[in-house]
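The values are calculated or read from the model by the stated rules, or taken from the named source; none is laboratory data. No experiment lies behind these values; they were computed from the predicted model shown. Backbone-built Cβ (ideal geometry, glycine too); neighbour counts: all protein chains shown.
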Amino acid sequence: MGHSSRPSRRRPGRLLAALVLSIGAIAAACGGGDSKSSQTTTGNTDSTAPATTAPPPTTAAEEQPVPGGNVVMAIEADTSSPWRPAEMLCAIACHQVIRNIYDTLAMPNGDGSWSPYLAESLTPNADYTEWKITARAGVMFHDSTPFDGAAIVENLTRAKNGITTGAILRSVTTVAIDPADPMTAVVTVEKPWAAFPFAMMGQSGYMASPTWLKASDADATLKSKPVGTGPFVYEKYVPNEVFSMKKNASYWNKPYPYLDSIEFRPIPDALSRREALLSGTVDILHSANGQTIADARKDTANKLTEISNNGETAYSLLHVTQDGSPLTDKSLRCALAYATDDKGLIDTIGAGVAKQANGPFSPTQVGYLAETGYPMTQDMAKAKELVAAYKAAHPGKLTISLATTQDNTNLVTAQAQQQWWTEAGFDEVTIDQIDQAQYILTAALGKFQVFQWRNHGGFDLDQQYYWWHSSGSKPVGELALNFGRIKDTKLDTLLDRNRASADAAEKKQIAEDVNKLFGEECYNLWGSWSIWGIMSKPTVHGPVVFELPDGKETAFGAGIAGTFYAMNLWVEH
């Protein structure tokens, strides 16, 4: 952990004005303040309106890609863990990089459902307790290992036992080759799992070469040199500096990729990332920072594509079951919510770009409700009342810690929260700044009380199962995807019912009930529904949707907020 700070005694009425000045000073120092008019966008730029899933408009030139060329992309973080699917602590930047090396068995489509991708098909039995996954014929890994049923079995077996993916595939009981077809793997699960293919769209569905996996078991240095079936082939990786890859000339999904090579460079600070584009150091970047998106909308020299249809929520994640923590108390969690002025943060630090969130599900997601019961307006009097009642029942000093990244904008947000919570009656609120590459590990180990976070984009409630189900909770110090260590039998029941159901109406009601439960319990402090900006030089074309093997179009973005498929990028050269 890095920076730690304590609150100043600035009057709260002046706080947001001071934040504006802080952000302005940071922007000036980073040189990102002189952009001019808006460019191509997708998603609704009116922060009060629901996002749209429409792809960006294209020009005639964009419809006629030119193969060749190279692109450098700035990403928000490096990945601190090995590049093996079952071991990666994979945040957004990780997925943006590694999906170019690994293909997934399934992909999200524009209908809000799934389509087979590297798999030829995913077929359930009548009660969804068995799934047959057939490998796409003729596909080879980068090391010439054939992709077949045995490769699927090797990968899913490792995923089932993985330190991170194991939580996702916990209900899988067996994975085996179909005796009748060597191209097919048979997956059995302990309870009906109708939404299983959604799990195959992400980290659990990444397919790595079995030959490389076994070699890297023996030689750990190979773990940072991934081998997949994807559109690009590993070339070089230097931690915290660069991940470069070259075109897979034998890629099975023609005509992709267009680029000869792509290079990813981690630049954790959002304003510095945009400055790298303006200075010509990089060609393209991703950012969820409201100020950089607002600036990019005014920039006539560069392009902007906005992704707002994946439903990701920016929020403060709470560890709600930690022994000795005041956050085990519902009233105190809700006091934090009442004390926070999320709308003020959006309008100042976020430049008014995002829409305030009232729960984990955005307007484009199943489960969204206009009213969830979560406090949407700052009520300091109510916050003080709840804190005072807690302190009366629990004598002693009331302290709390808040974790954030080393991004300057995130730090200013944390300082605002620190000030508000101190005003509400907390005796001490400390801020811990953590390196972005270590950030997800800290969350997975549960070593926090309050944690600035983004998550919960998706197409089906089942994609949230491992984040919220008590089966995914572990003691502090053990890796768990239920970062907040939520243990709620009502929530477990709802998640289990949704997993088993294939009825759209029933699933909608269940997701809405989950939304209400979060509003009632204040398990997290909801902030805003993120808009991601993909900013690039005018010579870079994409990202755009493309046709999947089953004839459907992909979902815009890549099903994981802040990411896109780089294989259909192309450059003028």
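Scanning region 210-259 for residues that are of a type in the set (S, T, N, Q) and either under 25 Å from the mean Cα position of the chain (by Cα) or farther than 18 Å from Met88 by Cα (or both) returns Thr211, Ser224, Thr229, Asn240, Ser244, Asn248, Ser250, Asn253.
Pairs linking a residue in region 383-407 that is closer than 12 Å to Gly425 by Cβ to a residue that is surrounded by 17 or more Cβ atoms within 10 Å (Cβ to Cβ) and of a type in the set (S, T, N, Q), with Cβ atoms under 7 Å and 6 or more positions apart or on different chains, are Ile400/Gln449.
Taken together, the residues in region 136-158 that are touching a helix residue (DSSP H, G or I) at 6+ places or on another chain (Cβ under 6 Å) and small (Gly, Ala, Ser) amount to 1. The condition (being among the hydrophobic types (A, V, I, L, M, F, W, C) and in contact with a Phe, Trp or Tyr (Cβ under 7 Å, 6 or more places away or on another chain)) is satisfied by just one residue among Ile267, Ile262: Ile262. Note on region 329-369: residues that are within 19 Å of the chain's Cα centre (by Cα) and small (Gly, Ala, Ser) amount to 6. Is it the case that some residue within region 211-219 is of a type in the set (S, T, N, Q) and within 21 Å of His142 (Cβ to Cβ)? Within region 211-219 (the criterion being of a type in the set (S, T, N, Q) and within 21 Å of His142 (Cβ to Cβ)), the answer is yes, since at least one residue qualifies. Filtering region 223-249 to residues that are touching a Phe, Trp or Tyr at 6+ places or on another chain (Cβ under 7 Å), closer than 12 Å to Asn100 by Cα and not β-branched (Val, Ile, Thr) leaves Pro226, Gly228, Gly230, Pro231, Phe243, Met245, Lys246, Lys247, Asn248. Residues of region 312-321 that are surrounded by fewer than 24 Cβ atoms within 10 Å (Cβ to Cβ) and in a loop (DSSP other than H, G, I, E, B): His319, Val320, Thr321.
For Thr328, the conditions (1) outside the structural domain of Pro538 (by TED's automatic domain parsing); (2) surrounded by fewer than 24 Cβ atoms within 10 Å (Cβ to Cβ); (3) in contact (Cβ under 8 Å) with a residue 12 or more places away in the chain are fulfilled apart from (3).
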